[in-house]
1. Determine which residues of the range 85-103 fall in the zone a paramagnetic label at Tyr63 would reach in this model, i.e. backbone nitrogen under 20 Å from the point 7 Å along Cα→Cβ.
2. Relative to the longest principal axis of the C-alpha atoms of the chain, give the angle of the C-alpha long axis of helix 102-111, reported between 0 and 90° and rounded to the nearest 10°.
3. Using θ = phi - 60° and the Karplus form 6.51 cos²θ - 1.76 cosθ + 1.60, what ³J(HN,Hα) does each residue of the range 10-23 get, whole Hz, x for Gly and Pro?
4. To test your reading of the geometry: what angle, between 0 and 90 degrees and rounded to tens, separates the Cα axis of helix 40-52 from the longest principal axis of the chain?
5. Local charge sum around Cys121 (other residues, Cβ-Cβ under 12 Å, Lys/Arg +1, Asp/Glu -1)?
6. Suppose only helical runs count, i.e. DSSP H with n ≥ 4. What mean residue ellipticity at 222 nm does that imply for the chain under -39500 (n - 2.57) per run, divided by all residues and rounded to the nearest 500 deg cm²/dmol?
7. For the range 1-49, take the convex hull of the Cα atoms, compute a quarter of its surface area, and give me that in nm², please.
8. Going down the list Lys81/Lys123; Lys27/Lys108; Lys28/Lys110; Lys81/Lys134; Lys23/Lys76, which pairs span over 26 Å between their C-alpha atoms?
Amino acid sequence: MADQYDVLKLENQLCFPLYACSKEIVKKYKPFLDELDLTYTQYITMMVLWEHKQMNVKELGGYLYLDSGTLTPVLKKLEQKGWIERCRATEDERVLNVSLTEAGYALKEKAVQVPKSIGACIKLESEESQFLYKTLYKILGELAQ
């Protein structure tokens, strides 16, 4: 018979392998991102900007599931490195827009090898990878409501 406290065992938690995998994957990214002088959070921020070129902080936070308090120091650091610019919207000064600089856009060329390098570290079949991707985004969608 199952003990009422079995629900508190680490091995019975879905959240733990998600947390541990995330932490370990980010650790695998580190050497590749160190070559680009990026942290993982800076990297995913740049990925969104490489795709969209410019957006406001609120939209960017929505893509990344980050609040402005977390995003602001990341953006300040990226601006110090010369990869982005931040400026207030002329129509509403409460809105802060973020856009890539030429140097930030050029960094994309160096970063293009990172996903392939990470893929070599994580041995999943295509079907497994697609299933995991769909499942994780399903969970994210449910949690974001």
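1. Under 20 Å, as judged by backbone N against the label point of Tyr63, lie 85-90, 95-103 of the range 85-103.
2. That helix lies at roughly 30 degrees to the long axis.
3. 4, 5, 9, 9, 5, 5, 5, x, 5, 4, 5, 4, 4, 4
4. Result, in degrees: 60.
5. +4
6. Theoretical 222 nm ellipticity from helices: -19500 deg cm²/dmol.
7. The orientation-averaged projected area of the Cα hull of the range 1-49 comes to 4.5 nm².
8. Check vs 26 Å cut-off fails for Lys81/Lys123; Lys81/Lys134.
Quick note: the coordinates plus some simple rules give every number you see, no bench work behind them. As the structure is a prediction and not an experimental result, all values here were calculated from the model. Quick reminder, even Gly has a Cβ in these numbers, built from the backbone with ideal geometry, and neighbours come from all protein chains shown.
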